[in-house]
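What follows draws every value from the coordinates through simple rules; no lab data is involved. These numbers were taken from a predicted model, which means no experiment stands behind them. Cβ sites come from the backbone with ideal geometry, for glycine too, and all protein chains shown count toward neighbours.
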Amino acid sequence: MADETGGPEIVIGIPSYMEADGIGFVASVVDEGLSRHFPRSRALIVNADNASPDGTGKAFMAVETGTAKKYLPTKKGVTGKGSNIINLLRHSLKSGTPRCVTVVDADLRSITPEWIKYLVEPVMKGYDYVMPRYSRHQFDGTITNHICYPLIYGLLGEDIRQPIGGDFSMSGRFAVHLASVKWPASARLYGVDIFMTMNAVMGGFRICETGLGAKVHKASAPKLGPMFTQVVETFFSMVLSRKADWLGLPSGNPAQKPQFGLKRPDPPQELSIDIRDLKEKLRTEFFSREKLLGRYLSDYLYTRISRMVDRDHFDLDILTWTQAVYQLLFSYDNGSPAARAEIIEALKPLYFARSVSFDYETWKYRHDYAEELIVDQAKAFASQKPYFYGLYLKAAHDADRRIK
């Protein structure tokens, strides 16, 4: 049951910044989903906004709904999706503990009333964190595909396909947990989604996945900037904070999480990319960080990447990519704060090289074949976990020889 104070049983949050053109549609669909699937539950729709100057809040409140609404801006100067989520959680817990807190992106064009059912029902059945499963174009979600998903699979032994998906639900119990833990600065920004996923995994909360079909939104090709830095910084720091729990465990193929929602996803959103532009950005990233790569990568991997850039031919295969990520993650674990910042910068051109290589390999195939390669990549991270473990053994051996 919900709290005894008469607060909402279900809270649907829509975090936003500058989404006046699309938030009205999302809010109306959320309202329809609540009235259709949870008509007897007390519910609240909250626009957790970064005080958008484009009128996002006005557009949200102008939508006629049968469900109560609340516009919840952050304080002046406070930005970031994570700040919106913190605001949402605190407001949701003010009048008690709701049974379910759900979040959906404000730029969705594919959301249906059934999404609300698929996201909320598993929480009502006892799950703490409901993660999405989308049908996404292979060029979309590149940080997920090439970094977050395979590392969670390979190191933690958790098969969570969309760990930074953006649309999810949580139990009141997990909401209370998130509201009580310390949020690093990066988690208050773009690092929020991976921060919550890692808290769910490391906290032993019950996790499931729900099929939502195609995710149609403001998709983008591989990008850097604050998003990449904040997601990777949050992820690396959190996964290494519990290294003792997983480093010595044997690698394997983890079981898929319990599945709800759609079983057969729709075809993904079409997405085109400018491969020449990506390669130009890759070269810019490489030459500006060439010394960092030489410092943190083995001679073999550094030479391999350099030749790709010189020849303008990118074939950063799964094995090479896996070992490069593990080398940088190992260096990150042993680095100073300044060195850690450098290592994330060094990862950027490698991430671009892997994305371009993957795009070359899969552009002519159906998305389901590309999805098989993404899963194969995750399995490669699992199979190469002993290689990562060996980096620590080698460092210990070298240190022992220096002492002698």
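Numbers for the structure displayed
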item: Calculated FRET value between LEU247 and TYR300, using beta carbons and R₀ = 25 Å, to 0.05; result: 0.55
item: Placed amide H near GLY261: partners under 5 Å, 5+ positions off or other chain; result: GLY211
item: Angle between the chain longest axis and helix 192-202 axis [Cα atoms, degrees, rounded to 10]; result: 80
item: Other-chain or far-sequence residues with amide H under 5 Å of SER110's (modelled H); result: VAL216
item: Length released on extending from LYS58 to TYR369, taking residue separation times 0.36 nm less the Cα-Cα span; result: 107.6 nm
item: Fully extended contour minus Cα-Cα distance, from PHE205 to LYS75, at 0.36 nm per residue; result: 43.7 nm
item: Three-way shape label, the chain, alpha-carbon gyration tensor, a/c 1.5; result: prolate
item: Nitroxide proxy distance, nm - points 7 Å out along Cα→Cβ at ILE275 and SER288; result: 2.5
item: FRET efficiency, 1/(1 + (r/R0)^6) with R0 35 Å, evaluated for ASP315 and ALA399 via beta carbons; result: 0.45
item: Share antiparallel - DSSP beta bridges, the chain, percent rounded to 5; result: 20
item: Ranking of SER186, SER298, SER52 by count of other Cβ atoms within 10 Å, fewest first; result: SER298, SER52, SER186
item: Helix 225-241 axis, angle to the chain major axis (alpha carbon atoms, nearest 10°); result: 80
item: Theoretical gain in end-to-end length, TYR387 to ALA68 [0.36 nm per residue, Cα-Cα removed]; result: 109.5 nm
item: Out-of-range pairs (alpha-carbon distance over 20 Å; input LYS291/LYS348; LYS81/LYS279; LYS75/LYS215; LYS69/LYS94; LYS125/LYS215); result: LYS81/LYS279; LYS75/LYS215; LYS125/LYS215
item: Mean Cα-pair separation over length for region 142-300, i.e. relative contact order, pairs under 8 Å, 6 or more apart, %; result: 31
item: Exposure proxy ranking, count of Cβ atoms within 10 Å, fewest first, for GLU233, GLU372; result: GLU372, GLU233
item: Table column - 3J(HN,Hα) (Hz), region 162-170, Karplus curve with 6.51, -1.76, 1.60, x for Gly and Pro; result: 10, x, 10, x, x, 10, 7, 9, 9
item: Ranking of LYS257, LYS291 by count of other Cβ atoms within 10 Å, fewest first; result: LYS291, LYS257
